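First the structure, in the form of structure tokens, and then the observations on it.
The values are calculated or read from the model by the stated rules, or taken from the named source; none is laboratory data. The structure displayed is predicted, hence computed values, not measured ones. Note that we place each Cβ from the backbone using ideal geometry, even for glycine, and neighbour counts take in every protein chain shown.
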Amino acid sequence: MAPSGQFSILARQLSTSSAAAQLVKPPIQVFGLEGRYACALYSAASKNKVLDAVEKDLKGLQSHMRSDPKVRDLLINPSIKRSIKADALKELSTRVKYNAATGNLLAVLAENGRLGRLEGIVNAFSLIMAAERGEVVCEVKTAKPLDDSQRKQLESALKAFLKPNQTILLTAKVEPSLIGGMVVSIGDKYVDMSVASKIKKYTDIISVPV
């Protein structure tokens with residue numbers, strides 16, 4: 001079966017609505033296997049009007065994954081049988097009172113041996129929900145931390161890419177290997193202005209035999 005058909009079926013499985021035959025398209029495109037699961041979840045949650053509840057569930061689950069080694073091991077340890085994972089997640093969903101769409105996602109992932117992808121799926125779903133609120137996710141990487149003045153200048157420059165009803169959601173990360181300059185991703189745009197990339201470019205040019 002083609003991947004698009006598989007994820008249409010997944011959306012129907014995740015949804016408790018009988019009118020789940022068509023996927024609801026997310027406000028932005030997310031790619032890869034994680035993106036497809038996130039889109040299917042978005043479609044199901046959107047049709048059942050539980051987007052906020054599902055987002056809250058996933059953020060809570062992600063927090064558990066990062067703080068509780070037992071939960072993380074349950075999700076990513078391939079030596080634990082799928083049936084055991086499925087039963088444990090069913091119990092967790094009932095105890096924590098996850099929304100049905102969240103519980104169904106976990107069940108599908110456990111059944112298909114895809115729980116190791118959960119972190120990526122949560123991140124992809126978060127991107128979709130940010131776009132749903134008119135937030136444009138932007139990540140900037142620099143060799144040294146940005147001071148307040150630099151951050152304000154950067155935000156001002158990035159706002160030129162936004163529509164009137166959008167706001168920017170900026171995350172700044174430090175990556176010393178960049179040496180200088182910056183790498184910026186905003187929405188589906190990516191710009192590498194780092195010194196490291198320039199050095200690599202010139203090194204590649206010099207290395208080409210004449």
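Tell me, which helices (runs of 4 or more DSSP H) lie completely within region 86-158 with 3 or more residues that are among the charged types (D, E, K, R)?
Per the criteria, 148-158.
Just wondering, is there one or more residues in region 188-196 that are in contact with a Ser or Thr (Cβ under 6 Å, 6 or more places away or on another chain), crowded, with 16+ Cβ neighbours inside 10 Å, touching a residue at least 40 places away in the same chain (Cβ under 8 Å) and not in a helix (DSSP H, G or I)?
Checked against the condition, which is being in contact with a Ser or Thr (Cβ under 6 Å, 6 or more places away or on another chain), crowded, with 16+ Cβ neighbours inside 10 Å, touching a residue at least 40 places away in the same chain (Cβ under 8 Å) and not in a helix (DSSP H, G or I), region 188-196 yields no hits at all.
Check off (1) assigned to a helix (DSSP H, G or I); (2) modelled with pLDDT of 90 or more for PHE7 and give me the number that stays unchecked.
Only one criterion is unmet by PHE7, namely (2).
Give the residues of region 104-160 that are closer than 22 Å to VAL195 by Cβ and β-branched (Val, Ile, Thr), sorted by residue number.
Passing the criteria: VAL140, THR142.
Residues LEU162, LEU115, LEU158: which one is modelled with pLDDT of 90 or more and either on the phi < 0 side of the Ramachandran plot or not hydrophobic (A, V, I, L, M, F, W, C) (or both)?
Exactly one residue qualifies, and that residue is LEU115.
Results for (1) aliphatic (A, V, I, L, M); (2) under 11 Å from VAL136 (Cβ atoms), shown as yes or no for each residue.
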position	(1), (2)
LYS159	no, yes
ILE168	yes, yes
VAL174	yes, no
ILE186	yes, yes
MET193	yes, no
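Residues to consider are LEU158, LEU154, LEU169, LEU162; find the one that is outside the structural domain of ASN123 (by TED's automatic domain parsing) and either in contact with a Phe, Trp or Tyr (Cβ under 6 Å, 6 or more places away or on another chain) or within 20 Å of ASN123 (Cβ to Cβ) (or both).
Residue meeting the stated conditions: LEU169.
Does region 58-74 contain at least one residue that is touching a Phe, Trp or Tyr at 6+ places or on another chain (Cβ under 7 Å) and surrounded by 12 or more Cβ atoms within 10 Å (Cβ to Cβ)?
yes
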